[in-house]
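The values are calculated or read from the model by the stated rules, or taken from the named source; none is laboratory data. Computed from a predicted structure; not experimentally measured. Every residue, glycine as well, gets a Cβ built from its backbone with ideal geometry; the counts of neighbours run over all protein chains shown.
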Amino acid sequence: MSALALTDEVRVQADLVRAEVAETVPMPMALTAPAPEPLPVAAPVVAASPTERGIAILAPMPVQPSELGFTIAFLEPRPGFRGLTFPFRRHIEIYVSSTWTDRELAHVIAHEIGHAVDVARNGASDHDRWRAARGIDPATGWWADAYASDFDTPGGDFAECYAAWVVGVPASPTTPFGSCAGTGGLVQELVHG
């Protein structure tokens with residue numbers, strides 16, 4: 001099966017899961033809410049394939065990759081990577097580990113969607129606002145080099161704080177730029193433009 005066909009299948013399956021979940025799981029976030037409700041995350045479904053797990057976790061997220069013009073694929077683990085976003089291809093890959101809890105998987109998915117949100121909805125002035133709010137030197141490049149960790153870049157910081165805002169974590173993640181606590185208002189503004 002080609003990657004394109006798999007992505008189409010994932011999109012169709014995600015729509016079906018979203019329809020089933022909509023009756024039992026409240027969709028997080030109204031535009032006026034300060035942050036989405038934490039995602040309902042249960043124990044991992046160990047027997048599920050990466051695609052099945054990914055679709056189930058993706059379904060209740062407030063922003064779907066397809067809304068941003070992105071596709072997403074849930075794949076077997078890839079050493080050294082949890083997920084990658086390919087901005088020019090408008091594609092996300094999540095390398096699902098069977099050892100992750102569903103909350104961990106949700107965080108990885110949300111982090112990569114954070115990059116997609118950034119690509120689709122934010123521009124240079126938004127990046128300047130984020131840098132200023134986080135005390136990041138304005139000359140600091142936004143993106144990491146290809147296949148490099150992004151956690152020490154402003155773009156990675158935004159994606160990590162977006163993930164904390166979506167998933168709702170007991171202790172806010174900390175990036176090299178500080179805790180994501182208190183960033184929810186700006187994240188919401190940048191998500192919704």
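Observations on the structure shown:
- Of the residues making up the stretch 133-188, not one is over 15 Å from residue 115 (Cβ atoms), of a type in the set (Phe, Trp, Tyr) and surrounded by fewer than 21 Cβ atoms within 10 Å (Cβ to Cβ).
- All positions within the stretch 74-92 that are surrounded by fewer than 21 Cβ atoms within 10 Å (Cβ to Cβ) and either assigned to a strand (DSSP E or B) or among the aliphatic types (A, V, I, L, M) (or both): 75, 78, 81, 84, 86, 91
- Count of the stretch 181-190 residues, restricted to those that are at pLDDT 90 or above and within 17 Å of residue 131 (Cβ to Cβ), is 6.
- Positions within the stretch 134-170 being assigned to a loop (DSSP other than H, G, I, E, B), within 20 Å of residue 61 (Cα to Cα) and of a type in the set (Gly, Ala, Ser), in sequence order: 168
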